[in-house]
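Engineer: Quick one: the structure is below, questions incoming.
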Amino acid sequence: MSQVARSQPVYDVVIIGSGAGGGTTTKVLADLGVSVALLEAGPMLNPAKDFKEHKWPHDYPHRGAEEDGGRYFGRGKGFGFFAATEGDWQLEGEPYTVAPGSQFRWFRSRVVGGRTNHYGRISLRFADYDLKSYSRDGIGTDWPISYEDISPYYDKAEAFIGVTGSKEGFRSAPDGIFQKCPPPRAHELLIQKASQKVGVPCIPARLAVITQKTNGRPACHYCGECGRGCVTASNYSSSQVQVFPAMKTGRVTLITNAMARELLVDDQGKVKAVSYIDQTTRTERQVKCRSVVVAASACETARLLMNSKSSKYPNGIGNGSGQLGRNLVDSTGFSLGAHIPALEGLPRYDSDGMGGGHVYMPWWLWDKKTDFPRGYHIEVGGGYGMPGIGSFSGIANRVEGYGESLKKTIYEGYGTNVGLAGRGEMVPNEGTFCELDPSVVDKYGIPVLRFHYKWTDYELKQVEHMEQTFTEILEAMGGRITKPATPVATEKKISVGGEIIHEVGVARMGDDPKTSYLNKYGQSHEVKNLFVADGASFVSNPDKNPTLTICALAWRTAEYLAEELKKRNV
Amino acid sequence: MSDSSKLSTRRETLIKIAGAVTAANLAQPLLSQSDAEHVHKAAAASTALGGVYKPKLFTPHEFKTLQVLSEIIIPGASKGNTAEFVDYLSANNKELAAIFTGGLQWLDMTMQKRVDAKFIDAKNAQQTELLDLIAYRRNAQDHPELAPGIRFFTWARRMAVDGYYTSAAGIKEIGFKGNGASAKFEVKQELYDQVLRKAGFA
């Protein structure tokens, strides 16, 4: 039942989604004096109460295995009990489907701040060539913008949210506005030496963690648990760093538990209101707007746009091009670990540091010939992490037995493993897209997405290259790699689509309205007051984790929108 | 500082945080770094308070058997309240409950057949003799009748390890130094030197 109060305010902008894209848009518009309503499908976030940053496993009788012991049976919260996710691979009553022959996993987070509350915080600029790949090799599609267009917005985003790093003058990893990165952990210095020995550069990490006081936020206190959320907001989350401060301007109305269902259009085909389901009462409500910014996370954005059907837009709002849902891409993922004898017997030390590696390897072969078209970067893991459920299950299960000898093996093995993880660019292909499932709706009656996903030789060859490189690096530090007894096909080694949670591209930008959904400002080609400010606008998905670029592009879109509102163009 | 005063200061900090939420009517209180440090330290002091544990699922005999078994698997396990941990989860999980009540029963019956005594009443050498058989998967080949015991022991070991190394005692013993709050992250030069030297880089 629709409840439209006559006196209901009309907001300059309704923003759908409070993650990296929505949070940035909210902050920038509020600062520019624009009144916004921010819709979030999940509940309010209370960091002091919700985050388990400083907790020990023994603060809970279940120690992190969850109340029902679900952790022992493959159930329980994604990324573990302590993570600040408020979301998961499956949400109760909100299914998605996967077409026969495809595999896809979709991580959704319903809470103010979305996935930025727990994400890895790796913050990498796209390189100039990343935006013009087609011009270089004839594969994929060029972006309608160049590095010069986006660079000033990287500057703004980095200066505001705070990113660590060092000036390297490396083409594949452009320098930015960096705060000082803490020194490498002991095993990371070793990885760095081994990496350099085999010709792979290894440089200080670029993480959205502040190591100096920034905009009233205190510097990192090095507890290593960024994934649990940070009570001092010393890392970037859109909730704490953008949404809450923006609310203090008095220009932001945050509406939580509001699951957007449809964009409603007027006679001219412009968006006049957003229809949403109030999750607490399961009733439909509407919020009126002069313009709308959709930033619900790429696939959720595509779903909302596809579900906004009308006589004017039978295939979904603004979808004359049919591009909605196409060009879906995740990052490729592959990991390899090894036991490092050189780490045995090292005196224990506090290796917490920032939440994430203090070093990483940017793509280094951009100007060399490889048998696959696009690059990858390498992330590192290791150290003396806080013991938790399952930390020593592998070793106990391998050595078996019991008693003092088992304890000794566990003690000696602690902190002696390192891991390398590759994240690479996938080229969009015809077989990878999402669409509305014709026969399934969620608990609100909203049609759900069906995913089609396919890796091609481009990605499989890249992953083979990762395995070869990681083996060289690990062996260069004397590592003992545990290899499976029988060879595993590359199709099984590569991550499942969606698993890296870098899914983007389903409403891409471009200059040609026939082959793209948005223009270069993230504005719909067909509907002038409709904007998209999340990863849906990506034309390609370089080996640079998408969040920083989502922030930069959302900043640009928000400034453009504020200008257009002023000129009364939308 | 006594344990109770540590806990009360922690409570005060948490109340302070909760108060900030109400006052601002917005959920964005930022803890200062010193507050964060305090919470981290206070959390470290908050171990389970004393008192005799009453099993939620296991009978007193089962619980005692589990305690003895866990202590053999991980000497010191009782300091980590590992049997309590298993009992807590088994009370909330039917699968775990079946694995543990069944497994403990199997242990008693098998010991009864071997030496005419329940597991906890057998001599230490008799206990380890049986455990030596079920602590290794390979033994199932020659002794198929041991398979249920081997399966159970795998679970008992897995949860004794988890229970112990997630306890304050286990975390201290393994040498975890983190979960603190410090103004600076640093690694001593001699650690770098040692690692590089051992790997042949220096």
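The values are calculated or read from the model by the stated rules, or taken from the named source; none is laboratory data. Computed from a predicted structure; not experimentally measured. Cβ placement follows ideal geometry from the backbone for every residue including glycine, while neighbour counts extend to all protein chains displayed.
Engineer: Any chance you could count how many residues in the stretch A:380-427 are touching an Asp or Glu at 6+ places or on another chain (Cβ under 7 Å), more than 10 Å from chain B (Cβ to nearest Cβ) and surrounded by 24 or more Cβ atoms within 10 Å (Cβ to Cβ)?
Structural biologist: Counting residues in the stretch A:380-427 that are touching an Asp or Glu at 6+ places or on another chain (Cβ under 7 Å), more than 10 Å from chain B (Cβ to nearest Cβ) and surrounded by 24 or more Cβ atoms within 10 Å (Cβ to Cβ) gives 5.
Engineer: With assigned to a loop (DSSP other than H, G, I, E, B) and buried (at least 20 other Cβ atoms within 10 Å of the Cβ) as the only criterion, which of A:Thr280, A:Thr211, A:Thr249 stands out?
Structural biologist: Numbers: A:Thr280 fails: buried (at least 20 other Cβ atoms within 10 Å of the Cβ); A:Thr249 fails: buried (at least 20 other Cβ atoms within 10 Å of the Cβ).
So the residue among A:Thr280, A:Thr211, A:Thr249 that is assigned to a loop (DSSP other than H, G, I, E, B) and buried (at least 20 other Cβ atoms within 10 Å of the Cβ) is A:Thr211.
Engineer: May I ask you to list the residues in the stretch A:482-512 that are of a type outside the set (D, E, K, R), surrounded by fewer than 18 Cβ atoms within 10 Å (Cβ to Cβ) and modelled with pLDDT of 95 or more?
Structural biologist: Residue satisfying the conditions is A:Val496 alone.
Engineer: Would it be correct to say that A:Gln268 is of a type outside the set (D, E, K, R), more than 14 Å from chain B (Cβ to nearest Cβ), surrounded by fewer than 18 Cβ atoms within 10 Å (Cβ to Cβ) and touching a strand residue (DSSP E or B) at 6+ places or on another chain (Cβ under 8 Å)? Before the answer, list the steps.
Structural biologist: Details: of a type outside the set (D, E, K, R): yes; more than 14 Å from chain B (Cβ to nearest Cβ): yes; surrounded by fewer than 18 Cβ atoms within 10 Å (Cβ to Cβ): yes; touching a strand residue (DSSP E or B) at 6+ places or on another chain (Cβ under 8 Å): no.
Spelling it out, it is not the case that A:Gln268 is of a type outside the set (D, E, K, R), more than 14 Å from chain B (Cβ to nearest Cβ), surrounded by fewer than 18 Cβ atoms within 10 Å (Cβ to Cβ) and touching a strand residue (DSSP E or B) at 6+ places or on another chain (Cβ under 8 Å).
Engineer: Here's something else I'd like to know. Under 7 Å between Cβ atoms, which residue pairs at least 6 apart in sequence (or on different chains) link something in the stretch A:243-272 that is without any contact (Cβ under 8 Å) to a residue 60 or more places away in the chain with a partner that is basic (Lys, Arg)?
Structural biologist: Close Cβ pairs satisfying both conditions: A:Leu264/A:Lys272; A:Asp266/A:Lys272; A:Lys272/A:Lys288.
Engineer: Might you let me know whether the stretch A:343-350 holds any residue that is among the acidic types (Asp, Glu), touching a Phe, Trp or Tyr at 6+ places or on another chain (Cβ under 6 Å) and surrounded by fewer than 24 Cβ atoms within 10 Å (Cβ to Cβ)?
Structural biologist: Of all residues in the stretch A:343-350, those among the acidic types (Asp, Glu) come to A:344, A:350.
Restricting the remaining residues to those that are touching a Phe, Trp or Tyr at 6+ places or on another chain (Cβ under 6 Å) gives none.
Scanning the stretch A:343-350 turns up no residue that is among the acidic types (Asp, Glu), touching a Phe, Trp or Tyr at 6+ places or on another chain (Cβ under 6 Å) and surrounded by fewer than 24 Cβ atoms within 10 Å (Cβ to Cβ).
Engineer: Still on this structure, I have one more. Pairs, please: C-beta under 9 Å, at least 6 apart or cross-chain, first residue over 13 Å from A:Ala396 (Cβ atoms) and in the stretch B:161-176, second assigned to a loop (DSSP other than H, G, I, E, B) and of a type in the set (Asp, Glu)?
Structural biologist: B:Phe176/A:Asp350
Engineer: Could you look through the stretch A:468-477, keep only residues that are surrounded by 18 or more Cβ atoms within 10 Å (Cβ to Cβ) and in contact with a strand residue (DSSP E or B) (Cβ under 9 Å, 6 or more places away or on another chain), and pick out the one that is farthest from A:Pro341 (Cα to Cα)? Spell out how you get there, then give the answer.
Structural biologist: At the first step, the residues of the stretch A:468-477 found to be surrounded by 18 or more Cβ atoms within 10 Å (Cβ to Cβ) are A:469-470, A:473-474, A:476-477.
In the following step, the residues that additionally are in contact with a strand residue (DSSP E or B) (Cβ under 9 Å, 6 or more places away or on another chain) were identified as A:469-470, A:473-474, A:477.
Working: A:Thr469: 20, A:Phe470: 17, A:Ile473: 14, A:Leu474: 11, A:Met477: 9 Å.
Going through the qualifying residues, I end up with A:Thr469.
Engineer: Suppose we keep only residues that are charged (D, E, K, R) and more than 30 Å from A:Gly70 (Cα to Cα) within the stretch B:101-125. Which one would you say is nearest to the other protein chains (Cβ to nearest Cβ)?
Structural biologist: We begin by selecting, within the stretch B:101-125, every residue charged (D, E, K, R); these are B:108, B:113-114, B:116, B:118, B:121, B:123.
Still in the running and more than 30 Å from A:Gly70 (Cα to Cα): B:113-114, B:116, B:118, B:121, B:123.
Details: B:Lys113: 22, B:Arg114: 18, B:Asp116: 24, B:Lys118: 20, B:Asp121: 20, B:Lys123: 16 Å.
Among those that are charged (D, E, K, R) and more than 30 Å from A:Gly70 (Cα to Cα), it is B:Lys123.
Engineer: With the requirement that a residue be hydroxyl-bearing (Ser, Thr, Tyr) and part of a loop (DSSP other than H, G, I, E, B), what does the stretch A:444-488 give you?
Structural biologist: Within the stretch A:444-488, the first condition is being hydroxyl-bearing (Ser, Thr, Tyr), and the residues that meet it are A:444, A:453, A:456, A:458, A:469, A:471, A:482, A:486.
Residues satisfying the conditions are A:Tyr444, A:Tyr453, A:Thr456, A:Thr482, A:Thr486.
Engineer: List the number of the failed condition for A:Ala260; all other conditions in (1) more than 13 Å from chain B (Cβ to nearest Cβ); (2) surrounded by fewer than 24 Cβ atoms within 10 Å (Cβ to Cβ); (3) modelled with pLDDT of 95 or more hold.
Structural biologist: (2)
Engineer: Is it the case that the stretch A:177-191 has a residue that's away from chain B (no Cβ under 14 Å) and within 30 Å of A:Glu472 (Cα to Cα)? Spell out how you get there, then give the answer.
Structural biologist: Restricting attention to the stretch A:177-191, the residues satisfying the condition of being away from chain B (no Cβ under 14 Å) are A:177-178.
In the following step, the residues that additionally are within 30 Å of A:Glu472 (Cα to Cα) were identified as none.
No: the stretch A:177-191 contains no residue that is away from chain B (no Cβ under 14 Å) and within 30 Å of A:Glu472 (Cα to Cα).
Engineer: Can I ask one more? Return a yes/no flag: does the stretch A:291-302 have any residue that is crowded, with 24+ Cβ neighbours inside 10 Å, part of a strand (DSSP E or B) and over 25 Å from the mean Cα position of the chain (by Cα).
Structural biologist: For the stretch A:291-302, residues crowded, with 24+ Cβ neighbours inside 10 Å, part of a strand (DSSP E or B) and over 25 Å from the mean Cα position of the chain (by Cα): present.
Engineer: Given (1) small (Gly, Ala, Ser); (2) facing chain A (nearest Cβ under 10 Å); (3) within 30 Å of A:Tyr60 (Cα to Cα), where does B:Gly149 come up short, assuming only one miss?
Structural biologist: Checking B:Gly149 against (1) small (Gly, Ala, Ser); (2) facing chain A (nearest Cβ under 10 Å); (3) within 30 Å of A:Tyr60 (Cα to Cα), the one that fails is (2).
Engineer: Moving to a separate point now. Do you know which residues across the stretch A:29-70 are of a type in the set (Gly, Ala, Ser), surrounded by fewer than 24 Cβ atoms within 10 Å (Cβ to Cβ) and under 21 Å from the mean Cα position of the chain (by Cα)?
Structural biologist: Once the filter is applied, which keeps residues that are of a type in the set (Gly, Ala, Ser), surrounded by fewer than 24 Cβ atoms within 10 Å (Cβ to Cβ) and under 21 Å from the mean Cα position of the chain (by Cα), the stretch A:29-70 yields only A:Gly42.
Engineer: Considering the stretch B:69-100 alone, what residues qualify as being aromatic (Phe, Trp, Tyr) and facing chain A (nearest Cβ under 9 Å)?
Structural biologist: Kept after step one, since they are aromatic (Phe, Trp, Tyr), are these residues of the stretch B:69-100: B:85, B:88, B:100.
Hits for the stretch B:69-100 are B:Phe85, B:Tyr88.
Engineer: Still on this model: Here's a check for you: in the stretch B:134-146, which residue that is within 12 Å of chain A (Cβ to nearest Cβ) and not small (Gly, Ala, Ser) is surrounded by the fewest Cβ atoms within 10 Å (Cβ to Cβ)?
Structural biologist: B:Arg138
Engineer: Another one. Which residue out of A:Glu86, A:Glu158, A:Glu92 is acidic (Asp, Glu) and surrounded by fewer than 20 Cβ atoms within 10 Å (Cβ to Cβ)?
Structural biologist: Values: A:Glu86 fails: surrounded by fewer than 20 Cβ atoms within 10 Å (Cβ to Cβ); A:Glu158 fails: surrounded by fewer than 20 Cβ atoms within 10 Å (Cβ to Cβ).
Within the list A:Glu86, A:Glu158, A:Glu92, the selection yields A:Glu92.
Engineer: Let me ask something else about it. Just give me the residues in the stretch A:214-229 being within 9 Å of another protein chain (Cβ to nearest Cβ), part of a loop (DSSP other than H, G, I, E, B) and in contact with an Asp or Glu (Cβ under 7 Å, 6 or more places away or on another chain), in sequence order.
Structural biologist: So in the stretch A:214-229, the residues within 9 Å of another protein chain (Cβ to nearest Cβ) come out as A:216-225.
If we keep only those that are part of a loop (DSSP other than H, G, I, E, B) as well, we get A:216, A:218-222, A:224-225.
Matches in the stretch A:214-229: A:His221, A:Tyr222, A:Gly224, A:Glu225.
Engineer: Please go through (1) more than 7 Å from chain B (Cβ to nearest Cβ); (2) in a helix (DSSP H, G or I); (3) charged (D, E, K, R) for A:Glu430 and return the number of the only condition it doesn't satisfy.
Structural biologist: Result: A:Glu430 fails condition (2) only.
Engineer: Can you give me the number of residues within the stretch B:121-148 that are in a helix (DSSP H, G or I) and closer than 17 Å to A:Gly403 by Cβ? Let's see the steps before the verdict.
Structural biologist: Within the stretch B:121-148, the first condition is being in a helix (DSSP H, G or I), and the residues that meet it are B:121, B:124-134, B:139-142, B:144-148.
Checking which are closer than 17 Å to A:Gly403 by Cβ leaves us with B:124-134, B:139.
The qualifying residues number 12.
Engineer: Would you tally the residues in the stretch B:155-200 being at the interface with chain A (Cβ under 7 Å from one of its Cβ atoms), closer than 30 Å to B:Gly80 by Cα, among the hydroxyl-bearing types (Ser, Thr, Tyr) and assigned to a helix (DSSP H, G or I)?
Structural biologist: 1
Engineer: Write out, first by first residue and then by second, each pair whose Cβ atoms fall under 9 Å of each other, whose residues are 6+ apart or on separate chains, and whose first residue, in the stretch A:36-58, is within 21 Å of A:Tyr11 (Cβ to Cβ) while the second is among the hydrophobic types (A, V, I, L, M, F, W, C) and in a helix (DSSP H, G or I).
Structural biologist: A:Val36/A:Leu29; A:Val36/A:Ala30; A:Val36/A:Ala246; A:Leu38/A:Val243; A:Leu38/A:Ala246; A:Leu38/A:Met247; A:Glu40/A:Val243
Yes or no, residue by residue, for (1) outside any loop (DSSP other than H, G, I, E, B); (2) touching a strand residue (DSSP E or B) at 6+ places or on another chain (Cβ under 8 Å); (3) within 14 Å of chain B (Cβ to nearest Cβ):
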{"site": "A:Ile15", "(1), (2), (3)": "yes, yes, no"}
{"site": "A:Gly23", "(1), (2), (3)": "yes, no, yes"}
{"site": "A:Lys27", "(1), (2), (3)": "yes, no, yes"}
{"site": "A:Leu38", "(1), (2), (3)": "yes, yes, yes"}
{"site": "A:Ala41", "(1), (2), (3)": "no, yes, no"}
{"site": "A:Lys55", "(1), (2), (3)": "no, no, yes"}
{"site": "A:His58", "(1), (2), (3)": "yes, no, yes"}
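Engineer: So, in the stretch A:473-510, of the ones that are touching a residue at least 40 places away in the same chain (Cβ under 8 Å) and polar (S, T, N, Q), which residue ends up farthest from A:Gly101 (Cα to Cα)?
Structural biologist: Checked the stretch A:473-510; the qualifying residue farthest from A:Gly101 (Cα to Cα) is A:Thr482.
Engineer: Scan (1) more than 13 Å from every other protein chain (Cβ to nearest Cβ); (2) in a helix (DSSP H, G or I) for the single condition A:Phe79 breaks and write down its number.
Structural biologist: (2)
Engineer: Considering only the stretch A:101-152, how many residues are within 21 Å of A:Phe433 (Cβ to Cβ) and aromatic (Phe, Trp, Tyr)?
Structural biologist: Within the stretch A:101-152, residues that are within 21 Å of A:Phe433 (Cβ to Cβ) and aromatic (Phe, Trp, Tyr) number 5.
Engineer: I would also like to ask the following. Go through the stretch A:65-76 and count every residue that is part of a loop (DSSP other than H, G, I, E, B), under 21 Å from B:Gly80 (Cα atoms) and more than 7 Å from chain B (Cβ to nearest Cβ). Working first, answer last.
Structural biologist: Our first condition is that a residue be part of a loop (DSSP other than H, G, I, E, B); within the stretch A:65-76, this holds for A:65-69, A:74-76.
Retained after the next criterion (residues that are under 21 Å from B:Gly80 (Cα atoms)): A:65-69.
The next check asks that each one be more than 7 Å from chain B (Cβ to nearest Cβ); those that pass are A:66.
Final tally of qualifying residues: 1.
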